[in-house]
Amino acid sequence: MATRNSTASSASTLEGIWAILLLAFVVTALYFGRAVFEPLALATLITFLLSRLVVRVERWIGRIPAVLLVVILLFSLAGGATWMVGRQVIDLAQKLPDYQANITRKLHSIRLPAVGLLARFSSSVDALQNELVSPSPAAPPTEPVPESLAKSSPPSARPVPVKVIEGRTAIPQLLQETISAVLSPLGTAALVLLLVIFMLLKREDLRGRMIRLIGQGRISATTRAMDDAGTRVSRYLSMQFVVNTCYGTSIAVGLHFIGIPNAALWGLLAGVLRFIPYVGPWLGALLPVLLSFAISTNWITPLLTIGLFIALEAMISNFIEPWLYGASTGVSPIALIVSAVFWTWLWGPVGLVLSTPITVCLAVMGRHAPRLEFLSVLLSEDQALAPHEEFYHRLLAVGTEGAEDFAETFVTTHTLTELYDHVIIPAITRAEMDAQNGGLVAEQRTSVLQRIHDIVEDLGARHLEQLAPEDQKKTEPIAIGPAIEGSRVMCVPASAYRDELAGEMLVQLLRRHGFDATNSAARLKAEELLAQAVEFEPELLCISVVTPSTLTQARHLSATFRERLPELKILVGAWNAANDLTNAKERLRAAGVNEVVVSLAEAVVQLSKMTAPLADEMMVAPKSAKEKERLEELRGLKLLDTPAEENFDRITERLTRLFRVPIALLTLIDKDRQWFKAQTGLPSDLADARSTPRDVSLCGHVVAKDDILIVRDLARDPRFANNPFLKKQGFRFYAGVPLRGPNGLPIGSLCILHTKPREMSRQEQDLLQVVAEDVMDEIKRRPVTDADRSSENGKA
């Protein structure tokens, strides 16, 4: 395996050398002319194609036999192909006289009509042509020509130049010209053959000299550049050979079924000519199309032939080649077109054939040589601007929707997290740095940040809400654990509005994963941020830092929060930080920071890990320390199992309107059950049953605690998160205050519930307690009826 890898690497380096040599011969040709360039370039191209095959054969029979065998095989194949083409051409030449009559009929059938616009235009052109070729009126008179000669000679006949060779040198000169015309191609072929053989035999020597000459000691970088060039050019030529072979085969098969003679010849010709970019396919189509006109007695055969070439070329040019060649060459299509025009203008057809390999070599040189980087920028298919640079450039273009369109297009192929991490946050950093350096005035900076805010807000409103949960998990760049639903996270900016923008992006992503997240404004002072944290009661705090904000500011802020909220877990997001954060992380941890991250994706993962784990079992409602006395006081009020009363039902209905919640209850806690004296909004099954087990009740905790109980999110409270009754009913928020009997012992609770997490202000807590006192006053004033006594006796 190691030998194979070494051989493959050596072959790739050799291919890179032939590519570089080809480029060197182009430069040499600029000084010595095309006559020197063509043999060298052709020999280099052939060597490039044969080098990998020679390396493989050499392992079995040695170098010299391998080179000779491969070269002889190549030229034998070329000779066989030439012989076959010659036979086809001779056969076609013998059939051409048979097609003459049909061609004449075709020409007569397309004769222009005698009247009409085209006929008048044709007559005008003929008249102008006669005027141009007629003798000048000022010409001297000539002797009259005999009538017999005038009739026999055509009026438009022109003299034909004839080269006259006189003397004894006539035959030697003619022989010399004939031999020169025959031997010149043979001499070029022999020179190419000789160069190919010696290049293959001395390939390691050439490789070493090229590395020494080009690399100047940088062997590793030079080898990488040569491997890159060889791989790209080899892939391009290999794919082009496969595509053109399939193209020629398809043409031959199609022409055969259409009925065009010598279909194999035209397929071979079309495949070979297609190696010439852009014009080759149409040159290959010219002769078969003309022949279809000559042999057919109708127009169906020519139209089928033209349609065959157009359909195959359209499919290959528009679908197959862009998919194959773009990735293999690494050169943009525009650069290939401009290169083809330039090299064709400079060297003719040979330059057109070699334009793509030459351009690939130039692009590779630009990619690996810093001083030639402009070549990579001009020629390669890589984006000229990074995504965040393109986005920033469009942000600066006032009056257009380019930045918004770019963001929309980006999220069609990437996740929203990647857009924020790799595009928008780096663009914010670039804008702030330009503003500090004087590149942006205050108005431009404000405009850029405002546009970013609008884009983030729009993306959050449309993409996060419309995406299904299964699609959200599928599109995440980093896998995280199960959504920690309802975990409270508070994002605070380190110092400026740029930090607030990054915090808003993180909040969007956290909400997408089920977190209850909020973002604070940059205009707030540290004391105001602390007050917000005390009111929000977050489990996690994230301090957002976007350059040029510093980690020093984040460290001071984290120390302030740690002093007031020692149990709070703190994460610092140094978004898009370019420097090593090892030392900074140590200083931040000394200030009370738990984790430091550099991307939003990493922040989501770390915050999910930092979330407090929930208990596996629920907390059963405990019993009061004075349980016996409490039950005696409850039974003394004669309330249990009594019919519904309008006064109490009005109270629960009023609670739902006051607090804007769907459910309100007046409950009494018996020995083993929770019984509803009044309710509004309960599901029908619970409303009919009017009771639940005490173990799963929330009001049982209020009675045991004998104090107000507020649970902002039941799904995140370790006491109630795994309560089966609450999970089944979907309750998320609870607030209850105790109802105390005449002796001050808790007998039940007045509570409100919601199916969504909710906050409850101090004023709302006080209001609920006031209503509970009114309820107890109503219970004390309530007369005991016979129905109440019978219910109590039945219970007993």
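The values are calculated or read from the model by the stated rules, or taken from the named source; none is laboratory data. A quick note: this is a predicted structure, and the numbers were derived from the prediction, not measured. Cβ sites come from the backbone with ideal geometry, for glycine too, and all protein chains shown count toward neighbours. Just the protein is used for accessible areas: all its heavy atoms, side chains included, with ligands, DNA and RNA removed. Shrake-Rupley method; radii C 1.70, N 1.55, O 1.52, S 1.80 Å.
Apply the Karplus parameterisation 6.51 cos²θ - 1.76 cosθ + 1.60, with θ equal to phi minus 60°, to every residue of the stretch 427-441 and state each ³J(HN,Hα) to the nearest whole Hz, in sequence, with x for glycine and proline.
Along the stretch 427-441, the couplings run 5, 4, 4, 4, 5, 5, 5, 5, 5, 5, 7, x, x, 10, 7 Hz.
Quick one: net charge around residue 647, please, counting Lys, Arg +1 and Asp, Glu -1 for every other residue with C-beta under 12 Å from its C-beta.
-2
If you filter the stretch 691-781 for GluC sites (Glu not before Pro), then keep DSSP loop positions with at most 16 other Cβ within 10 Å, what is left?
Loop-located and lightly packed - 759.
Amide H of residue 748 versus every other amide H placed in the peptide plane: which residues, excluding those fewer than 5 positions away on the same chain, fall under 5 Å?
669, 739
Rounded to two decimals, what ratio of Rg to Rh does the stretch 648-789 give with C-alpha atoms and a Kirkwood Rh? Can you show the working numbers first?
Working: Rg = 14.3 Å, Rh = 15.2 Å.
Rounded to two decimals, Rg over Rh is 0.94.
Once fully extended, how much extra length lies between residue 458 and residue 628, figured as 0.36 nm per residue of separation less the alpha-carbon to alpha-carbon distance?
55.2 nm
Roll a 1.4 angstrom probe over the protein heavy atoms and tell me the percent of accessible area of the stretch 389-431 that is carbon or sulfur. Can you show the working numbers first?
Details: 980 of 1810 Å².
That fraction is 54 percent.
Once both labels are modelled 7 Å past Cα along the beta-carbon direction, what's the residue 201-residue 587 spacing in nm?
Once both label points are built, they end up 6.9 nm from each other.
What do you reckon, how do 497, 247 stack up by accessible area (1.4 Å probe), largest on top?
If we order 497, 247 from most to least accessible, we get 497, 247.
Local charge sum around residue 624 (other residues, Cβ-Cβ under 10 Å, Lys/Arg +1, Asp/Glu -1)? Mind dumping the intermediate values first?
Values: positive: 623, 626, 628, 630, 705; negative: 627, 629, 706.
Surrounding charge for residue 624 is +2.
Around residue 767, under 12 Å between beta carbons, what's the net of Lys plus Arg minus Asp minus Glu among the other residues?
-2
In whole Hz and in residue order, list the ³J(HN,Hα) couplings for the stretch 375-380 that follow from phi through the Karplus curve 6.51 cos²θ - 1.76 cosθ + 1.60, θ = phi - 60°; x for Gly and Pro.
5, 5, 5, 6, 9, 6
Each residue of the stretch 487-495 in turn: what ³J(HN,Hα) in whole Hz from Karplus with 6.51, -1.76, 1.60 and θ = phi - 60°, glycine and Pro shown as x?
Each residue of the stretch 487-495 in turn: 4, 8, 10, 10, 9, 10, x, 5, 7 Hz.
Please sort by residue number the GluC sites (Glu not before Pro) in the stretch 549-658 whose DSSP state is loop and whose Cβ has at most 16 other Cβ atoms within 10 Å.
The qualifying sites are 567, 617, 645.
Where only protein heavy atoms count, and the probe is 1.4 Å, what is the accessible area per residue for the stretch 711-785 in Å²?
Here the per-residue accessible area is 44 Å².
On the protein heavy atoms, probe 1.4 angstrom, tell me the percent of accessible surface of the stretch 630-733 carried by carbon and sulfur.
47
Take the residue pairs 626/727; 626/677; 626/756; 569/628; 525/705 and return only those whose Cα atoms are more than 32 Å apart.
626/756; 569/628; 525/705
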